[in-house]
Amino acid sequence: MSHPPIPPSFLHLAGSENGKRKALLIHGILSSAENMQPIADALVENDTCDSVWAYDSWAYWGDVTRAMKLKPADALDFISPKYWAIFLGRKLADRAAMIVETPSHTIEGAGQEIAGLLALLGWEDVTLVGHSLGGLVARCAVEAFGAGKQVGVVVSLGTPHWLWSKAHSPEDWQETPVDGVRYLQVVGNDDWVVYRKGWGDFTPDDTEYRGIVKVLHRDLDHGTIRSDFGNSFIPELISAVRDTPSLWRKEHLVLTDCDSDVPTLTIKEDGFDYPGSKALEGFSGRWVQLETN
């Protein structure tokens, strides 16, 4: 059975167009499909995926980038260089506010289109990767519109799930994780949008759900989690969450007990022998810290 041609709202970024292990990337506020190129390249170079696409809908892009236009009063901030730092800080705070203020229909509309196109194309075991607001769209496609039949893993990068949920009452989205789909949330310790880790929780109590992995990355912020994706070990983490029955690939990941309340997720490029290691799914729903060696 032949499938319809790829729609124009799916933009090919890296790898083979017909690769089996597909990823679909979803950009966030003040961004575009092309800005997801570093993630696409890293996923292919690290052999996490062999076909990477980006959601490139004009309707979605137009709605989430509406705030790119400066208000007349903003020009005053450029009169003196001493106000530039104040201006920048305000703009970063504004970005968090823009995500929270994004109407539900924007996210639900994009989620509905993505779910419909994935079903139409017949793609299977797709990895959805959403940066910032894009993580909400990825979840919505799976939880509201049945994309869980085509999606194996939902990856969120710096997405304020709980914060957005508190400010909205979606029409068609119950915001309940789907059994059989694995969820990975990665937040940089210096993230100015999810600077309280609770704002990045998927639900009021993520520990009730198996298959939720939430990682704090010491070395990243809201922007570098995208631009420095290839040097972050996140591609390896995605592979581990997606491919192994216990959400733990022994040659790459190990969880060890530590003195703090937050377990330590240690990335190892080579072999190791840690008798105190635990399977990652044992920490499902809890935040873990990423330490790189």
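Just so you know, all these numbers are worked out from the coordinates, no wet-lab data involved. On a predicted model such as this, the values are computed, not experimentally measured, just so you know. Counting neighbours? That spans all protein chains shown, and the Cβs are built from the backbone with ideal geometry, glycine included.
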Checklist outcome for this item: Taking 0.36 nm per residue of separation between ALA167 and HIS105 and subtracting their Cα-Cα distance, the length gained on full extension comes to 21.0 nm
Next on the checklist: Cut-off is 10 Å between beta-carbons; in what order do TRP53, TRP287 appear when sorted fewest neighbours first?
Outcome noted: TRP287, TRP53
Checklist outcome for this item: A correct fewest-to-most ranking of GLU17, GLU175 by other Cβ atoms within 10 Å would be GLU17, GLU175
Checklist outcome for this item: Ranked on Cβ counts within 10 Å of their own Cβ, fewest leading, LEU184, LEU30 go LEU30, LEU184
